[in-house]
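The values are calculated or read from the model by the stated rules, or taken from the named source; none is laboratory data. This one's a predicted model, so the numbers in the text were calculated from it and none came from an experiment. No Cβ is skipped: glycine too gets one built from the backbone with ideal geometry, and neighbour counts run over all protein chains shown.
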Amino acid sequence: MKITKPLNRFIAIAVAFFCYACGPQQEPADMVIKNGSIYTVNDSQPMAEAIAVSNGRIVFVGTSAEVDAHVGEGTEVIDLEGKTLTPGLIEGHGHMMGLGFNELNLDLNQIANYNEMVEMVAEAVRNAQPGDWITGRGWHQSKWDETPEEVVKGFQTHKKLSEVSPDNPVFLRHASGHAGFANAKAMEIAGVNQLSVESFSEDLVDGGEIITDDLGNPTGVFNERAMGLITKYVPETTEERNEQALELAIKACHRNGITSFHDAGAGQGTIDLMKKFKSEGKLKVRMYVMLTGRDPELLETWFERGPEFDTTDNLLTIRSIKLNADGALGSRGAWLLAEYTDRPNHFGHETMPMDFVLDVSQKGLEHGFQVCTHAIGDRTNQEVLDRYEQAFNENPEGAANHRFRIEHAQHLHPNDIPRFGQLKVIPAMQAIHMASDRPWAIDRLGEQRIVDGAYVWKKLLESGAIIVNGTDVPVEPINPIPSFYASVSRRTLKGMPEGGFEPDQKMTREEALRSYTLDAAYGEFAENVKGSIEVGKLADFTVFTKDIMTVSEDELLTTEVAMTIIGGEIVYKN
């Protein structure tokens, strides 16, 4: 049979249409996620409707219609039903074991006043054996709704606490972790009394303080290094309890949409426990661990050994060091250039010699370690920037991609703000601190210092700095939504004040999301493998019940985490 030219043309068109309808042949993906608002934090493709995942990596980003080519018989298909998905959120500064132990010990974060603290301890005493230590964390005197009957230098005294716990030693850490509160039994065990305080204080004058009344009696409050007088008597935890705490911390991360965690100061024991969890398949959060600078021998060991990079599983990387250079603003331990407005002649505490900061910075550059220094007060930030700059100038080759950080960078002298961008030092800040602290921080610093240099996110971004966000858990709850809200609203969690504190320092929602994703990944040298939704990157995602990029500020706080996915595995579903 002879085929005419018109028939030839028809056949060709039909074949072409059939091939187009079938689309390119694709290997079926392990998981397909579609029908939602997907914010990629990828400037070249800011939004998407669907994602395909294989072997824990992203293989497709596009429309819901296009992604169907990746669906096979064994593909797990997740219909977002209009929910919002972002890259997996990264907790940029927290304390993993502290998070876990906060769920095991007394959690004082939500108490409204001193009396509620006393009641919680009394309940714990009823369930304890005489002599058992009672520990906890989370109290903050500046956040209470009423002032205790007896106050010394802004803090409560131990009288009521000691009355309800005469036979059980008690030690309760301040929310900041930079002060502690002991009862009479704990101080008796430690040998702290009126006669001993003066000698103790002389030993600790360069890094801590025992708060005493007018007669020289210890009130029970121990600031900074003085806490060691009590904590050395608190029994060490058991291996079983440590494992329980880590398990609880991992679950808390999942519930709150956290897929990666910057652990701000871990010892070798914690690192070994994380390695054990990884080998057993239980380390279901990507950990970026900072070695604690409180253990100089540990640092020397790691300088000789060098960093550890987990390039296979991307679960446990050790390449940074955490130093603690001052205290917290709440406990008046932050080191200031000028005296505290609400405590004349008091400037806070330098909790680590600046010579040590310089030494570690020099060795960090030499051996390939990032240095991350806790600095809250303007004096500390200035001193640390000076030491960083000296180390960079001495070793320009080692400093080429240093990514040194200052953790918190909470209160800065105006002259030091542009130095972050100039020196490429990362301010790892926790926006939730502004929401929690700003109402009383003005009492510590006065209005001018607050306006000029406290919680100045926008000024830092304009300097060219890259901000890493987080919560400092367990100082604040790990929930990232309040911190995101504070980033864009500059209001307290009660919505005050209207318009926000120093509103010119608000982040945009895009900046806030980047600070929790791609910029946080940059803060751990991992922006090429995570932090945005792009083909080839790790399949870590956080799903929200509401669109955090468009809903009103008030609706942000009613948003919840709907799902957490790590490496293409659903680890949490609400």
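Annotations for the structure displayed:
- Considering Ile426, Ile417, Ile450, Ile466, the condition of being surrounded by 24 or more Cβ atoms within 10 Å (Cβ to Cβ) and modelled with pLDDT of 95 or more is satisfied by Ile426 alone.
- Filter result for Leu358 (part of a helix (DSSP H, G or I) and either of a type in the set (Asp, Glu) or in the same structural domain as Ala441 (by TED's automatic domain parsing) (or both)): yes
- Residue within segment 548-555 that is in contact with an Asp or Glu (Cβ under 9 Å, 6 or more places away or on another chain), surrounded by fewer than 23 Cβ atoms within 10 Å (Cβ to Cβ) and either among the basic types (Lys, Arg) or within 15 Å of Leu89 (Cβ to Cβ) (or both) present: yes
- Within segment 104-162, the set of residues being over 21 Å from Arg343 (Cβ atoms) and polar (S, T, N, Q) comprises Asn105, Asn109, Gln110, Asn113, Asn115, Asn127, Gln129, Thr135, Ser162.
- Residue check, Gly306 out of contact with any Ser or Thr (no Cβ under 6 Å at 6 or more places or on another chain), touching a residue at least 24 places away in the same chain (Cβ under 8 Å), farther than 19 Å from Asn102 by Cα and loosely packed, with under 15 Cβ neighbours inside 10 Å: yes
- Qualifying residue in segment 475-490 (condition: assigned to a loop (DSSP other than H, G, I, E, B), crowded, with 23+ Cβ neighbours inside 10 Å, of a type outside the set (Phe, Trp, Tyr) and over 19 Å from the mean Cα position of the chain (by Cα)): no
- Verdict on Ala526 being in contact (Cβ under 8 Å) with a residue 40 or more places away in the chain, part of a helix (DSSP H, G or I) and under 23 Å from Ala249 (Cα atoms): no
- Whenever a residue of segment 397-414 is at positive phi, its partners that are of a type in the set (Lys, Arg), lying with C-beta atoms within less than 8 angstrom and at least six residues away or across chains, give the pairs Arg403/Lys424.
- The conditions of being part of a helix (DSSP H, G or I) and free of Cβ contacts under 8 Å to residues at least 60 places away in the same chain are met by Leu461.
- When residues of segment 247-260 are limited to those that are over 11 Å from Val285 (Cα atoms) and either touching a helix residue (DSSP H, G or I) at 6+ places or on another chain (Cβ under 7 Å) or modelled with pLDDT under 95 (or both), the one surrounded by the fewest Cβ atoms within 10 Å (Cβ to Cβ): Leu248
- Filter result for Gly531 (touching a helix residue (DSSP H, G or I) at 6+ places or on another chain (Cβ under 8 Å), over 28 Å from Ser463 (Cβ atoms) and part of a loop (DSSP other than H, G, I, E, B)): no
- Residue among Gly293, Gly281, Gly267 that is buried (at least 22 other Cβ atoms within 10 Å of the Cβ), at pLDDT 95 or above and not aliphatic (A, V, I, L, M): Gly293
- The condition (being buried (at least 23 other Cβ atoms within 10 Å of the Cβ) and either in contact with a Gly (Cβ under 9 Å, 6 or more places away or on another chain) or under 20 Å from Val53 (Cα atoms) (or both)) is satisfied by just one residue among Val535, Val543, Val571: Val543.
- Of all residues making up segment 465-511, the number that are basic (Lys, Arg), touching a residue at least 24 places away in the same chain (Cβ under 8 Å) and more than 20 Å from Tyr39 (Cα to Cα): 3
- Of the residues in segment 49-57, at least one is surrounded by 23 or more Cβ atoms within 10 Å (Cβ to Cβ), touching a residue at least 60 places away in the same chain (Cβ under 8 Å) and under 30 Å from the mean Cα position of the chain (by Cα).
Residues are listed down the side, and each one gets a yes or a no for (1) outside the structural domain of Ser320 (by TED's automatic domain parsing); (2) under 16 Å from Met429 (Cα atoms); (3) of a type in the set (A, V, I, L, M, F, W, C):
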{"position": "Tyr388", "(1), (2), (3)": "no, no, no"}
{"position": "Ala391", "(1), (2), (3)": "no, no, yes"}
{"position": "Asn401", "(1), (2), (3)": "no, no, no"}
{"position": "Gln410", "(1), (2), (3)": "no, yes, no"}
{"position": "Asn415", "(1), (2), (3)": "no, no, no"}
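- Only one entry in Asp79, Asp43, Asp68 is under 25 Å from Tyr522 (Cβ atoms), outside the structural domain of Gly523 (by TED's automatic domain parsing) and out of contact with any helix residue (DSSP H, G or I) (no Cβ under 6 Å at 6 or more places or on another chain), namely Asp43.
- Candidates in segment 362-402 are the residues that are of a type in the set (A, V, I, L, M) and in a helix (DSSP H, G or I); of these, the one that is nearest to Gly330 (Cα to Cα) is Val384.
- The residues of segment 98-113 that are under 18 Å from His178 (Cα atoms) and either buried (at least 23 other Cβ atoms within 10 Å of the Cβ) or aromatic (Phe, Trp, Tyr) (or both), listed by number, are Leu99, Phe101, Asn102.
- Which numbered condition Phe181 misses (of (1) over 30 Å from Val561 (Cα atoms); (2) surrounded by 16 or more Cβ atoms within 10 Å (Cβ to Cβ); (3) at pLDDT below 95): (3)
- Residue count, segment 225-263 (criterion: of a type in the set (Phe, Trp, Tyr) and within 16 Å of the chain's Cα centre (by Cα)): 1
- Flag if Ala428 is in contact with a His (Cβ under 7 Å, 6 or more places away or on another chain), among the hydrophobic types (A, V, I, L, M, F, W, C) and under 26 Å from Gln505 (Cα atoms): yes
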